[in-house]
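Engineer: I am attaching a structure below and will ask some questions about it afterwards.
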Amino acid sequence: MLHIFARTSNDVRYFTDDHARELDGLRQGPAGWWLKGAGEVTDPERVSRVFAGSSRARIVGYDLIFSAPRSSSVLLALDEMAAPHLVASHRLAVKAAVQYLEAHALGVRRKVQGEVEVTATSWREIIAFTHGVNRIGEPHLHDHVLVGATGLESDRAIDGRGLFAHLNAADALYRSELRHRLGEGTAYRPWRSFAGNELVVGVDDGYRALWSGRSEVRPPKKAWARDEIVAKWAADLEGFRPFGERPAPLSRVGHLDEHSLGAQLSGINSLFRRSAMAAWANAATFGQPVDAVTSAIDLHLTNVTRGVGVQEREVSRSDLLQLAQVRGRGPRPLQAHELSRWMNAGPLIKSRIIEPGRELYPVGYLRSVEPERVALTSSRDISNR
C-alpha cells in the first residue's frame, strides 16, 4: 500500500531518531538508506536538506509511505530465515516504484505563450527509512521515502497532481515487484486474488486476524529492541487461531489474469497509461518486475507517446485487452519473449473445418493458416443432434 503525505515542516527527527532496532539482523545497514544522495542518515540537519520547497508554496516535500501487505509482513515474526529476504525484496520494490514515479509523475508547470506546459523533472535527493512495526508492536514492514517539493534544476514546485494521479500505479507496481521477488527467493508464494486481496501461499489467514492493525487507542511511538519485539510476537502467537488458507490459482503462474485485467478496466471512463500500468500489475497474480510491466504496456500501446504527470493521452481499451487474441490463444504469458511471440502470432480468423460425415467448430479462434494443417485443441461435435 502507498500513501502520500505533503510535508510543511523540515523537521525529520521522527525518522532520524528511530533506529528501527526491531529489524536488527534482518536488514542490511541502518534504518535509513539513500536512493539518491549521500550523508549520515541519523543526522537530522543533513536529512532535512532533502526537503526543498518553492518560495511561493508552503509544501517543502512529501513522505511516500510504502507498506508491505499484512500477509507478507507477518513473516517478520513467523520465519527468521525468510525475513531478511522479505526486507531486501521490500526495499528493491520500493526503489522500483519510486523510479517509476520519477520517470512518469514528476513535472513542473510553466506558461509558454499563454499555454500551460508540464515539463519533466526529477528529485535532487531521495532518502528512505525502513521500519518493521506499527504503533501497537505488530509486524508491519514499511518505508518512509522522503523527497523534496521542487525539481532537480528548478525552483518551481513539482506539480503535486501528477504524484497523486500516479499513486495507484506506483502502489500496484510496488506490490507486483514484491510478490515476484518474495516468490522467487523464498518458499512462500505471494499472490493477489480477483477481489484484490494480497495473500501468501503457506501463510494462514489467522495470522492476519491476529495482527490486524486495529486498536481502540493510538499509543505513543515506542522504540523496540530486537529481543523485546521477538518476545512480544512469541506471546502474541499464543493467541493464534487457524483460519486456513484460500486456495491459490497455481495454474495462473507465469500468465496474466485476463478476467482481472478486464474487470479493472471496465469501470474506467477515461483510460490513461498509468491506469493500464496499475491494472496490468494487479492482474499479474503472482507478481512481475516493474520493468517487465513497463515493457508489456509499451508493447501494447506502440502508438502512444508517454506524457508527464497528469498530461497523458487517453489510450485504447481494445489495444490493451486484445479480446479476440485472448479468446484464440489463451491468457498472455508474462515472460517478455513469450509475450512478444504471443503478440506476433499472426492474424486470427473464425474457422469452420468440414470433415466427412461431421462438422467441427472450434470453440475459439485459430491462426489463419491452411485448414488441413490446423490441429484443433477443442471442438464441438454436432453430428449426433
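Engineer: Would you grab the residues whose amide H sits under 5 Å from the one on residue 105? Only those 5+ places off in sequence or on another chain, please, with H modelled 1.01 Å from N.
Structural biologist: Close amide H contacts, sequence-distant or interchain: 309.
Engineer: Relative to the longest principal axis of the C-alpha atoms of the chain, give the angle of the C-alpha long axis of helix 273-283, reported between 0 and 90° and rounded to the nearest 10°.
Structural biologist: 80 degrees
Engineer: Quote the charge dipole size of the stretch 1-133 about the Cα centre in Debye, to the nearest 20; the model charges only the Cβ of Lys and Arg (+1) and of Asp and Glu (-1).
Structural biologist: 580 debye
Engineer: Sort 155-161, 232-238 by packing, meaning the average of other beta carbons within 10 Å per residue, with the highest value first.
Structural biologist: Top to bottom by mean Cβ count within 10 Å: 155-161, 232-238.
Engineer: Need one number: nm distance between label points at residue 184 and residue 324, each 7 Å from Cα along Cα→Cβ, rounded to one decimal.
Structural biologist: Label-label distance for residue 184 and residue 324, simple model: 3.5 nm.
Engineer: What order, most packed first, do the peptides 45-51, 168-174, 332-338 have when packing is the mean number of other Cβ atoms within 10 Å of each residue?
Structural biologist: So the peptides 45-51, 168-174, 332-338, ranked by packing, come out 168-174, 45-51, 332-338.
Engineer: Calculated from DSSP H runs of 4 or more alone, at -39500 (n - 2.57) each and per residue, what is the 222 nm mean residue ellipticity of the chain, nearest 500?
Structural biologist: Roughly -9500 deg cm²/dmol at 222 nm, from the helical runs in the chain.
Engineer: In debye, nearest 20: dipole of the stretch 102-204 around its Cα centre with unit charges on the Cβ of K, R (+) and D, E (-)?
Structural biologist: 140 debye
Engineer: With no solvent and one equal point scatterer placed on each C-alpha of the stretch 251-344, evaluate the Debye formula and give log10 I(q)/I(0) for q = 0.23 Å⁻¹, two decimals.
Structural biologist: -1.32
Engineer: Would you give the gap between the C-alpha center of the stretch 257-332 and the C-alpha center of the stretch 93-148, rounded to a whole Å?
Structural biologist: 23 Å
Engineer: Calculated from the structure, Rg/Rh (Cα atoms, Kirkwood Rh) equals which of (1) 0.95; (2) 1.26; (3) 1.05?
Structural biologist: The value computed from this structure is option (3).
Engineer: Continuing with this model, one more query. Of 233, 83, 105, which is farthest along the charge dipole of the chain in the positive direction, counting Lys and Arg as +1 and Asp and Glu as -1 at C-beta?
Structural biologist: 105
Engineer: About the Cα centre of the chain, what is the dipole size in debye to 20, counting +1 per Lys and Arg Cβ and -1 per Asp and Glu Cβ, all else neutral?
Structural biologist: Roughly 980 debye, rounded to the nearest 20.
Only the coordinates and a few stated rules stand behind these numbers; no lab work does. Bear in mind that the values here come from a model prediction, so they are computed numbers and not experimental data. Glycine also receives a Cβ, built like all others from the backbone with ideal geometry; neighbour counts cover every protein chain displayed.
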